[in-house]
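So the structure is just underneath, and the comments pick up after that.
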Amino acid sequence: MNQSELDFINTLRQSSGYIEQHRGKTCVIYIPGELIMVPSNLHQLAQDIALLDNLGIKMVLVMGASAQIDHAMRLANMPFDHHHQFRITTSEMLPIFQQTIGVVRSQLEAAFTRANNSQPVPLTVTSGNWVIAQPKGVIDGIDFQHTGRLRKMNHQAISACLNAEQVALLTPLAYSLTGEVFNLNTLEQACAVANSIQADKLMVFASPQQLAGLPKQLSIPQLRHAISQSTDAEQIDFLTQISVTNNRVKRVHLMDEQTPSAILLELFTRDGSGTLIFSDRYHQVRMANIEDVVGILELITPLEQQGVLVKRSRERLELEIANFMIIERDQHIIGCAALYPHADLSGELACLAIHPNYQGQELGEELLNAIEQNAQHQHLKKLFLLTTHTHHWFIEHGFMLSTIDQLPEQKQSLYNFQRQSKVLTKSLSNDR
Ligand SMILES: CC(C)(COP(=O)(O)OP(=O)(O)OC[C@H]1O[C@@H](n2cnc3c(N)ncnc32)[C@H](O)[C@@H]1OP(=O)(O)O)[C@@H](O)C(=O)NCCC(=O)NCCS
């Protein structure tokens, strides 16, 4: 079997779990006009969305058209103003908006119809007057005229559309209860619809400028910190809009609009390709059970081979599995540690390891804290460990260098003088 065949098999194995996980889930996908403007990108995205539809994912698409509107206004020689990052839409501009948005929408529909060729079940896109708008009004003495804001959303109608196995499409146009037409910010709509239908995911394509410097994952507090640290007004505005989904939508994925296939990587690979903002815990620390043995072995075997950890047989691991805690992410074990209580009320910390791809994210510290809590619940008074490579890390985490005679007697007799491990101890507070 050649390498590309092996890669294919591994990828299929990795993604199959996600296919089941996402089936029946609801995703709101924000597609900016910039992405739609590049025909090859639109074609690629339409194919991927048709695939997701066939895999049973329910989707609401929210289509932007700012880039196309800017272009149409320039062609019509009609200058336009912004205030607070929002475009002012005058009555004279409205027909150009309606025309342009109509064209963009038909481009999308055409792309999906073409994409249906490659899927067994054709995707049907539906849109409707689901969003009720109201005027944005006069702000700082400036009348926004036909620039509107969202007043309410008929989320039951959108959900009914999704339950009928159709893809719902929202455009920048929405209508007031008095029948007026308004231009709405589509990212705001995407966030609002994701909140109101309690979508499982909001997936947002964004510009490189909006994504600049963002890490692969952000918790909600980290997102707020990123906003406070950014010096780019466009990025601040973008991230602030995203932050309103806070807690309602558990996961927001930010992807580069120049890479439409990022959507497949985000959904079907462990690490995705963009930035994930999560309001639930993305990983969990828990006690290990017998089913975790294989995952722990995969994690620690390379470290055993390097001599960083002492070799453990599979049988020994199976017998001692109740001593282990693990960090699990998307059903993969990315960290482990073991606690062995001794009769003198000390506990040995052993086999602490974080997968190399996840080191430096304070997961080692999180696991150590969990082991300390576990030890305190067992009324242990101190922790000790033997290490050949990592004593500085433990000293930075409150351990002190100690001597062999401080070890429990049974452990002293087993001490391997060839290995020359350092002995470290840490007292545990009893105030729990
Ligand atoms: C030690 C280990 C568990 C730390 O996990 P982690 O999740 O990366 O740790 P944290 O994110 O909390 O801390 C990372 C910091 O520790 C430092 N660090 C990592 N390994 C270190 C070591 N052997 N000695 C000193 N510092 C170390 C990193 O450089 C980083 O420092 P920085 O924040 O200044 O850049 C992880 O590096 C690991 O699995 N190492 C291999 C296995 C091992 O040595 N286990 C201990 C055997 S008893």
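The values are calculated or read from the model by the stated rules, or taken from the named source; none is laboratory data. All of these numbers come straight from a predicted model, not from anything done at the bench. No Cβ is skipped: glycine too gets one built from the backbone with ideal geometry, and neighbour counts run over all protein chains shown. These accessible areas exclude ligands, DNA and RNA; they are computed on the full protein's heavy atoms, side chains included. Shrake-Rupley method; radii C 1.70, N 1.55, O 1.52, S 1.80 Å.
Using a Gaussian network model of the chain in which every pair of alpha carbons under 10 angstrom is joined by a spring, one finds that among Gln412, Gln68, Gln99 the greatest mean-square fluctuation is at Gln412.
Counting protein heavy atoms only, the chain has 50 percent of its accessible area on carbon and sulfur, 1.4 angstrom probe.
In plain terms, the C-alpha convex hull of segment 283-427 casts an average shadow of 8.3 nm² when viewed from every direction.
Whole angstrom only: what separates the Cα centroid of segment 125-143 from the Cα centroid of segment 280-322? First find each Cα centre; the distance between them is then 55 Å. Annotation: per residue accessible area for segment 283-427 equals 53 Å², rounded to a whole number [probe 1.4 Å, protein chains only].
Diffusion of segment 319-375 by Stokes-Einstein, at 37 °C in a medium of 0.692 mPa s and with Rh set to the Kirkwood radius over alpha-carbon pairs, works out to 278 µm²/s. For segment 3-278, the Kirkwood radius over C-alpha pairs fed into Stokes-Einstein at 4 °C and 1.567 mPa s yields D = 67 µm² per second. Put a dot 7 Å past the Cα of Ser4, heading toward its Cβ, do the same for Met78, and the two dots end up 5.0 nm apart. Angle of helix 186-196 to the longest C-alpha principal axis of the chain, folded into 0 to 90 degrees and rounded to 10: 60°. With the cut-off at under 18 Å, measuring from each backbone N in segment 145-170 to a point 7 Å along the Cα-to-Cβ line of Thr90 picks out 145-148.
Using the Cβ-Cβ distance between His389 and Asp344 with R0 = 30 Å, the FRET efficiency computed as 1/(1 + (r/R0)^6) comes to roughly 0.70.
GNM on the chain, alpha-carbon springs under 10 angstrom: the most fluctuating residue among Asp200, Asp405, Asp232 is Asp405.
Remark: spin-label model distance Lys152-Gln306 equals 5.9 nm, labels positioned 7 Å along the Cα→Cβ axis.
Shown for segment 3-278: lysine pairs separated by 8 or more places, or found on different chains, whose C-alpha atoms are under 24 Å apart, numbering 14.
Nearest 0.05, what FRET efficiency do Gln134 and Ser413 give at R0 = 60 Å with Cβ-Cβ as r?
0.15
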